[in-house]
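Working notes, structure below.
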Amino acid sequence: MKTPRRAMSVRAVIAISLVVAVAAVVIVGVILLDSPAQERLRRLDERRVDDLRSISAELDFYWTHARTLPSSLEELADEPGVFLELYDPETGQLYEYRVLGSNTYELCAHFSRDTAEERNRFYRENWSHGPGRQCFELEAQDVERPLER
């Protein structure tokens, strides 16, 4: 009779160990990963940076061809073969663009998070930002348009 009782206690110990292990994994996951709401804000900020990078690249192409900058983002978007996301993915507001000099300009957007909190590689190449309205002063560069466009 002692054998069945001992077998139950071993099963109980294994079950309890598994429950503790699963709970530990869940707790560590919650600590290491952001909440779904924070993850959404992070992805929105990444999208904003992607949009601004694309706009900047198209401004470089425009500058290379015209030797001037467009007066507005709408003017840039009207160019043949240019497909840009000009609006914030969350608010629907037009990204801000302002010509500062013959080949210098400013792009602005409203961000949700501070990139100082980020642990990943996404915010390099001068696109780091704090929360709120952030502007990036950039200089148009001579570039060649890829052949596949």
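Things to note:
- Residue in region 49-63 that is out of contact with any Ser or Thr (no Cβ under 8 Å at 6 or more places or on another chain), modelled with pLDDT under 95, surrounded by 15 or more Cβ atoms within 10 Å (Cβ to Cβ) and within 17 Å of Arg133 (Cα to Cα) present: yes
- The set of residues from region 77-100 being farther than 30 Å from Gln38 by Cα and modelled with pLDDT under 95 comprises Ala77, Asp78, Glu79, Pro80, Gly81, Val82.
- Test: Ala116 is hydrophobic (A, V, I, L, M, F, W, C), over 30 Å from Ser35 (Cβ atoms), at pLDDT below 95 and in the same structural domain as Leu41 (by TED's automatic domain parsing): no
The values are calculated or read from the model by the stated rules, or taken from the named source; none is laboratory data. Keep in mind the model is a prediction, meaning the values are calculated, not measured. Virtual Cβ from ideal backbone geometry, glycine too; neighbours counted across all protein chains shown.
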